[in-house]
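The structure under discussion appears below in the form of structure tokens.
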Amino acid sequence: MPAILPVSRWAQWQPLGSATLSRCCGYTRETQEDSLCEASTGAPRWHENRRPLPSASPVWSLSKEDSNSKTAPQCCIAIFVGLFFTRFWLISALYAAWWACDWHTPTKSGRRIHFIRNWAAWRYMKDYFPATLVKTVELDPTKNYVFGFHPHGVLVAGAFLNFCTEATGFSKIFPGLTPHLMMLNLWFRIPFFRDYLMSGGLVPSDKETAANVLRRSGGGNVLIIAVGGAREALDARPGAFTLLLANRKGFVRLAIHHGTPLVPVFSFGENELFDQVENPKGGWLRWIQERLQKIMGISLPLFHARGIFQYSFGLIPYRRPIHTVVGKPIQVEKRPNPSQEEVDKLHEVYMEELCKLFEEHKLKYGVPEDKHLSFI
């Protein structure tokens, strides 16, 4: 899970014309000439009426979802432990008692806080890329669903923005549905940080949590799974259309077990947000990354993009559009103990529907006609 998928760059991102004003890192791109100047010098032209807040929000925001962002969890651990050695030790002591009583809450679908999901910071983040959520069909709010999210990308930005915040208007686009994005269990064992994660609707990526979400009576629950997971993040780079899906069938078995419709979701632009240090299979870097992924459950892609004051290098994602398209549901017959043949058959149908979704929308979102999905 998000906790935390090589092909040439597929989208040529054209500079915006003078009729369109676009916020980027706190300044406004007003003309094509300005954009060309920025590209040649590596430094942005600042507009006096813009503040740098939009550029800061993506990095801050993504730390909530990305399993590779260590700063926030480390700070939470440091605060929790550090308070014990100050006159405010009672805060950590009381929290520890609360934590023990609240240990299983993440598994029971968490504790979302709508005020936090509606923070203005998320809207800044949405405008930075910008990001949109696209509905192709109506979804029945009396049913539960399993969304398969593709590709994972480096930071799963599209999944976070669309399903953990209201920046793109999930509740208005899909009224009556409540999203639950799955994330690596490890992060729900960190004091304070676990509460922050639950506030957005994130839940641990384990069978018990999935069952608790999908067993809820009355419907209206959506379980979102970044199917490619941490391993797919190691191949996330601009122009990549290879998904780690061919042997990922656990989510299909889960859907059959609960009789829950499967919905393919493709996030156009997800792999365009970061470059990554070359890590070919068989190389020493890839070997280290895969070993760490097996040991810790998280991958460590060496990604980079742009900085706050220049475009040549940094950890702020590139300003690339993200269009997350939600496909039509695949009806699933409930079978408590599905056979491998039944799982394989539904898995094939799912891959076909995902390919159809990609092909139907790729030209609209800048993907060349000769580019297609491939599965490994």
Scanning segment 108-143 for residues that are acidic (Asp, Glu) and in a loop (DSSP other than H, G, I, E, B), which turns out surrounded by the most Cβ atoms within 10 Å (Cβ to Cβ)? Asp140
Which condition number does Ser267 fail, the rest of (1) in a helix (DSSP H, G or I); (2) closer than 30 Å to Glu353 by Cα; (3) of a type in the set (S, T, N, Q) being met? (1)
Could you look through segment 336-376, keep only residues that are within 21 Å of Asn247 (Cβ to Cβ) and β-branched (Val, Ile, Thr), and pick out the one that is surrounded by the most Cβ atoms within 10 Å (Cβ to Cβ)? Val343
Going through segment 279-297 in order, the residues found to be loosely packed, with under 12 Cβ neighbours inside 10 Å and either closer than 20 Å to Gly229 by Cβ or in contact with a helix residue (DSSP H, G or I) (Cβ under 8 Å, 6 or more places away or on another chain) (or both) are Pro280, Lys281, Arg291, Lys294, Ile295
What pairs can you find where one residue is in segment 155-171 and at positive phi, the other is surrounded by 24 or more Cβ atoms within 10 Å (Cβ to Cβ) and of a type in the set (A, V, I, L, M, F, W, C), and their Cβ atoms are less than 9 Å apart, with a gap of 6+ or different chains? Val156/Met1; Val156/Ala3; Val156/Ile4; Val156/Phe149; Val156/Leu181; Val156/Met183; Val156/Ala226; Val156/Ala233
Determine, yes or no, whether Phe313 is assigned to a loop (DSSP other than H, G, I, E, B), surrounded by fewer than 15 Cβ atoms within 10 Å (Cβ to Cβ) and in contact with a His (Cβ under 7 Å, 6 or more places away or on another chain). yes
Pairs where the first residue, in segment 74-85, is part of a helix (DSSP H, G or I) and the second is polar (S, T, N, Q), C-beta under 7 Å, 6+ apart: Phe80/Ser92; Leu83/Ser92
Residue hits (segment 278-310; part of a loop (DSSP other than H, G, I, E, B) and more than 15 Å from Val154 (Cβ to Cβ)) are Pro280, Lys281, Gly282, Gly283, Gly297, Gly307, Ile308, Phe309, Gln310
Anything in segment 243-260 that is farther than 14 Å from Leu354 by Cα and touching a Pro at 6+ places or on another chain (Cβ under 8 Å)? List them, or say none. Arg253, Ala255, Ile256, His257
Can you work out which of the residues in segment 89-107 that are of a type in the set (Ser, Thr, Tyr) and in a helix (DSSP H, G or I) is nearest to Phe266 (Cα to Cα)? Thr107
Which residues, taken from segment 144-179, are hydrophobic (A, V, I, L, M, F, W, C) and in a loop (DSSP other than H, G, I, E, B)? Val154, Leu155, Val156, Cys164, Ala167, Phe174, Leu177
Looking at segment 331-370, which of its residues are more than 18 Å from Phe266 (Cβ to Cβ) and outside any loop (DSSP other than H, G, I, E, B)? Gln340, Glu341, Glu342, Val343, Asp344, Lys345, Leu346
For the condition over 28 Å from Asn118 (Cα atoms) and over 17 Å from the mean Cα position of the chain (by Cα), what is the one hit in Ala246, Ala240, Ala236, Ala210? Ala246
Take the residues of segment 198-223 that are assigned to a helix (DSSP H, G or I) and of a type outside the set (Val, Ile, Thr): which is surrounded by the most Cβ atoms within 10 Å (Cβ to Cβ)? Ala210
Which of the following residues is out of contact with any helix residue (DSSP H, G or I) (no Cβ under 7 Å at 6 or more places or on another chain) and surrounded by fewer than 24 Cβ atoms within 10 Å (Cβ to Cβ): Gly228, Gly250? Gly250
Could you grab me the full set of residues in segment 180-197 that are assigned to a helix (DSSP H, G or I), touching a Ser or Thr at 6+ places or on another chain (Cβ under 9 Å) and crowded, with 22+ Cβ neighbours inside 10 Å? Trp187, Phe188, Arg194
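Every read-out reported here was derived from the displayed coordinates using simple, explicitly stated rules and does not represent laboratory data. The structure presented is a predicted model; accordingly, all values stated were derived computationally and were not measured. We place every Cβ from the backbone using ideal geometry, glycine too, and count neighbours over all the protein chains shown.
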